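> Sharing a structure with you now.
The values are calculated or read from the model by the stated rules, or taken from the named source; none is laboratory data. Predicted model only: the values in this text are computed from it and were never measured. Neighbour counts run over all protein chains shown; Cβ positions are idealised from the backbone, glycine included. Keep in mind that these areas ignore ligands, DNA and RNA; they rest on the heavy atoms of the full protein, side chains included. Shrake-Rupley method; radii C 1.70, N 1.55, O 1.52, S 1.80 Å.
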Amino acid sequence: MHCKNRMLVNPLSAFTHGCVSVVIPAHNAAKTIRRTLASLVSERSAILECIVVNDGSLDETVSVVQACAVELDLPIVVRSIRCLDAGAARNHGLSQASGKWVYFLDADDVHEAGGLRAMVEAGEGPSAPELVLGSYFIQREGRARDRFVHRDEKLSPEQYLADRAVVIVMGCSLIRRDALENLRFPDSLAYDEDTLFWAALLASCRTAIIDVAVMTYNVSLQRSDDRLVHESRSSFGRWRESLLALESRGISRTALRQREAFMAIRVARIHMRRGELVEAGHFLTVARKAPKTRADAYRWLRFRLKLALRRRFGSNVPR
């Protein structure tokens, strides 16, 4: 189901009015979350509740959110936990949700006006999708926004894990809550928990795509790189365990092992860029043992050669 160049301008029907539970995990988000919440005001008719999961914040996150509940006239509730984990915080918010649809948004991202209503309209369409994907903007520091558009509503989890599709980011999707009855985010992972969640969802859901930009995703490449190489061996081991568990959802083991190689090469690249050659070598060895796509086999050979040259000639070798 594709809805081309169309925004929902009429009010929602009584059937869809107030049908969305918005879930926002927040950790030390006092500087950004007001803007995030304010971006939802135009969608008030669609929102049943906005659940902000305060995950061990040490700043003024809670007081800012409480002030927004009054100032913005949004149905905001705060639920506090302390797990310091985005996946676990989203799961906690999901356990509190009561809407027909669930909309996840991060506490530093911005929703685009009309996007939520457009996704709700698509979700109530004749094909009865359980997952609705909108396009989105990515905002990188010091750069203009780039727009990303989903293309294939029959996207398989194997294609997604192989990086052959536009990335699904938090805030670009609307999910039927009953489709999440037996599905949660992997917790205690340093990274990629959302990829594993989307793969599991794609394995079981009917999907619709709308050609409407629904949010702006703010990216810090430095923060992403830091997560990948912090205690990288133990973090990778926990992530790999969650990855391979997806086989129980009917996702092929070959596709899962290819994702393992993809991520190992990515971690190796960051270690090499930082001059941490022992760790880079370790993850290239991990990738060597796993099946790889043709593109990843080429990347592995290229980084393996660079590592050998760096070990022999030092930092004079281009990174």
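> Based on the alpha-carbon gyration tensor of the stretch 42-131, what equivalent-ellipsoid semi-axes (square roots of 5 times the eigenvalues) come out, in whole Å, largest first?
They are 25, 16, 11 Å, listed largest first.
> With +1 assigned to the C-beta of every Lys and Arg and -1 to the C-beta of every Asp and Glu, and no other charges, what is the dipole magnitude of the stretch 205-311 about the Cα centre in debye, to the nearest 20?
In total the dipole reaches around 500 debye.
> Of the options S57, L244, G115, report the single residue whose Cα projects farthest towards the positive end of the charge dipole of the chain (beta-carbon charges: Lys, Arg +1; Asp, Glu -1).
Checking the options against the dipole of the chain, the answer is L244.
> If you split all Cα-Cα distances of the stretch 161-203 into 10 Å bins from zero, what percentages do you get per bin, shortest first?
Per 10 Å bin, starting at zero, the Cα-Cα P(r) for the stretch 161-203 comes out as 23, 60, 17 percent.
> Over all directions, average the projected area of the Cα convex hull of the stretch 75-230 and note it in nm². Numbers along the way, then the final one.
Working: hull surface 39.2 nm².
Dividing the Cα hull surface by four gives the mean projection, 9.8 nm².
> Rg and Dmax of the stretch 130-201, using alpha carbons, in Å: what are they?
13.2, 41
> Within the stretch 72-177, list the chymotrypsin sites (Phe, Trp or Tyr not before Pro) lying in a DSSP loop whose Cβ has at most 16 other Cβ atoms in a 10 Å radius.
Qualifying residues, ordered by number: none.
> Any idea what log10 I(q)/I(0) is at q = 0.16 Å⁻¹ for the chain, Debye with uniform C-alpha scatterers and no solvent?
Evaluating at q = 0.16 Å⁻¹ gives log10 I(q)/I(0) of -1.38.
> Also: Just going by the charge dipole of the stretch 149-223, with Lys and Arg at +1 and Asp and Glu at -1 on Cβ, which of I175, V214, Y191 is farthest out on the positive end?
Most positive-ward Cα: V214.
> When only DSSP loop residues count, what trypsin sites (Lys or Arg not before Pro) in the stretch 53-134 have their Cβ near at most 13 other Cβ atoms within 10 Å?
Hits after loop and neighbour filter: R82.
> Additional query: Please calculate how many Å² of accessible area the chain carries per residue, with a 1.4 Å probe and no DNA, RNA or ligand atoms counted. List each step's numbers first, then the result.
Working: 14770 Å² over 319 residues.
Each residue of the chain exposes 46 Å² on average to a 1.4 Å probe.
> With every protein chain in place, what's the accessible area of T293 (1.4 Å probe, Å², nearest 10)?
30 Å²
> While we're looking at this one, here's another question. FRET efficiency for K154 and A297, Cβ-Cβ distance as r, R0 = 30 Å, nearest 0.05?
Efficiency for this residue pair is about 0.65.
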